[in-house]
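S.K.: One structure, pasted below without further comment.
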Amino acid sequence: MKRILCLLFCVLFLHSFKHASAACHVDDHAGLLAFKSGITHDPSGILSSWKPGTDCCKWNGVSCLDNIRVSAISLYANLDKPNGYLTGTISPSLVKVQNLDGIYVQDHNITGPFPGFLFGLPKLKYIYIENNKLSGPLPPDIGKMTQLDALSLSGNQFTGLIPSSVASLTQLSQLKLGNNLLSGPIPPGISKLTKLSFLSLQNNKLTGPIPDFFSSFTDLRILELSHNKFSGKIPNSIASLAPKLAYLELGHNALTGTIPSFLGMFKALDTLDLSWNNFTQTVQP
């Protein structure tokens, strides 16, 4: 009888331990609730499941690593409900979620500057804060986040130069800064981002010539530079992208010279936009 009672106790203990370990870490719980506190309007109830005392691994838009530590936050606008967007700011207390490897806050009305506290998240690899209302300059030391795989800040209101420190983000496969108010030239250091497959800088106020550094890229599939103020000729190094490039958008700039014949070699090209420039010759077969 004692053996049976002992066995039963062990089963109940293991069950309780397993249930307890499923709850997210206390720091993650606090950090996520702090994030919610920065949201002033949530008409669709996107964060309605984020309640104190509940398991944050089960909250809407929260993914956990092994059901213990939060690894990603994915908050998308509910397009089925008009005006269902989150309004507010991103709380610096989110830095408590130390295991966070991805933040996806897309198509909302989030305001404020670039959330510099993200520098304090050592495992963060994916930043997708797209189509919000972040503003101000990008921090000059953004290159400190050398672990990043993707940096997508498109569709905001960022101003000023693209920081030269982006040259340190050598692990990036995606750099998306389109649809902002950025100005100045493309930093030459971007040539060091040799793992890029997606480079999007369209719809800004960028100026100067397009750098002739594309021979550094071996995996680039999408190059979006349209709707800026680029001048000069299409650089010859773009020819090196022929094997893989699928999208080349250079329209609505002030490019001059002739359209290079090497564009006829781009067999993988699905989209080519050269419209609204100052070219003097059509593409040669």
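Each reported figure results from applying straightforward, stated rules to the coordinates on display, with no laboratory input. Predicted, not measured: the structure shown is a model, and the values here were computed from it. Heads up, the Cβs are rebuilt from the backbone with ideal geometry, glycines too, and the neighbour counts pull from every protein chain shown.
S.K.: Report, in degrees rounded to the nearest 10, the 0 to 90 angle that the Cα long axis of helix 26-37 makes with the longest principal axis of the chain.
M.R.: Approximately 60 degrees, to the nearest ten.
S.K.: Decide, for the stretch 46-151, between rounded, prolate and oblate: order the square roots of the alpha carbon gyration tensor eigenvalues as a ≥ b ≥ c, take rounded if a/c falls under 1.5, and otherwise choose prolate if a/b is larger than b/c, else oblate.
M.R.: It is oblate, given that a/c is not under 1.5 and a/b is not larger than b/c.
S.K.: Also, quick follow-up: Figure the gain on full extension for Phe119 and Lys244 (residue separation times 0.36 nm, minus the Cα-Cα span) and round it to one decimal in nm.
M.R.: Going from the current span to full extension adds 41.7 nm.
S.K.: Follow-up. Among [x] 1.25; [y] 1.12; [z] 1.18, find the value of Cα Rg over 2.2 N^0.38 Å that was calculated from the structure presented, and write down its label.
M.R.: Identified label for the calculated read-out: [x].
S.K.: Using each residue's phi in the stretch 39-45, evaluate 6.51 cos²θ - 1.76 cosθ + 1.60 at θ = phi - 60° and report the 3J(HN,Hα) Karplus result to the nearest Hz, with x for Gly and Pro.
M.R.: 8, 9, 8, 9, x, 8, x
S.K.: What ranking, highest mean first, results for peptides 235-242, 246-253 when packing means the other Cβ atoms within 10 Å averaged over each residue?
M.R.: 246-253, 235-242
S.K.: While we're on this one: What angle do you read, to the nearest 10 degrees and between 0 and 90, between the alpha-carbon axis of helix 2-21 and the longest principal axis of the chain?
M.R.: 30 degrees
S.K.: Next up: Would you compute, from DSSP H runs of 4+ residues alone, the mean residue ellipticity of the chain at 222 nm, taking -39500 (n - 2.57) per run and dividing by the full residue count, rounded to the nearest 500?
M.R.: That comes out to -3500 deg cm²/dmol.
S.K.: Moving on. Using the Cα centre as the reference, give the magnitude of the dipole from point charges on the C-beta atoms of the chain (Lys, Arg: +1; Asp, Glu: -1; all else neutral), rounded to the nearest 20 debye.
M.R.: 640 debye
S.K.: Say R0 is 45 Å: what FRET efficiency, to the nearest 0.05, do Ser63 and Leu181 get from their beta-carbon distance?
M.R.: According to the calculation, E is roughly 0.90.
S.K.: Residues with amide H under 5 Å of Gly208's amide H, sequence separation 5 or more or different chain, H placed in the peptide plane at 1.01 Å from N; which?
M.R.: Here the answer is Ser231, since their amide H atoms fall under 5 Å of that of Gly208.
S.K.: Here's something else I'd like to know. Can you tell me the length gained on complete extension of the stretch Thr280 to Lys205, counting 0.36 nm per residue apart and subtracting the Cα distance?
M.R.: Extending this stretch completely gives an extra 24.6 nm.
S.K.: Under the Karplus relation 6.51 cos²θ - 1.76 cosθ + 1.60, θ = phi - 60°, what is the ordered set of whole-Hz ³J(HN,Hα) values for the stretch 235-243, x standing for Gly and Pro?
M.R.: Listing the rounded values in order: x, 5, 5, 4, 4, 5, 8, 3, x Hz.
S.K.: Filter the trypsin sites (Lys or Arg not before Pro) in the stretch 216-267 down to the DSSP loop ones having no more than 11 other Cβ atoms within 10 Å, then list what survives.
M.R.: Passing sites in the stretch 216-267 are Lys267.
S.K.: Then there is this: Suppose each label sits 7 Å from its Cα in the direction of the beta carbon; what would the Asp55-Ser74 distance come out to in nanometres?
M.R.: Here the answer is 1.9 nm between the modelled labels.
S.K.: A follow-up question, please. For the stretch 102-213, just say rounded, prolate or oblate: build the C-alpha gyration tensor, square-root its eigenvalues into a ≥ b ≥ c, call rounded for a/c under 1.5, and beyond that prolate if a/b exceeds b/c, oblate if not.
M.R.: oblate
S.K.: Can you work out ³J(HN,Hα) from phi for every residue in the stretch 171-178, in order, using Karplus 6.51 cos²θ - 1.76 cosθ + 1.60 and θ = phi - 60°, giving whole Hz and x for Gly and Pro?
M.R.: 8, 5, 9, 9, 10, 10, 10, x
S.K.: Find how much the distance from Thr256 to Ser164 grows on full extension, using 0.36 nm per residue of separation minus their present alpha carbon separation; answer in nm with one decimal.
M.R.: 30.5 nm
S.K.: Search the structure for amide H atoms under 5 Å from the amide H of Leu182, placed 1.01 Å from N in the peptide plane, and list their residues when 5 or more places away or on another chain.
M.R.: Those qualifying (amide H under 5 Å, at least 5 residues apart or on another chain) are Lys205.
S.K.: 5 Å is the cut-off here: which amide hydrogens, built 1.01 Å from N in the peptide plane, fall below it relative to Gly257, excluding neighbours closer than 5 in sequence?
M.R.: HN-HN under 5 Å from Gly257: Thr280.
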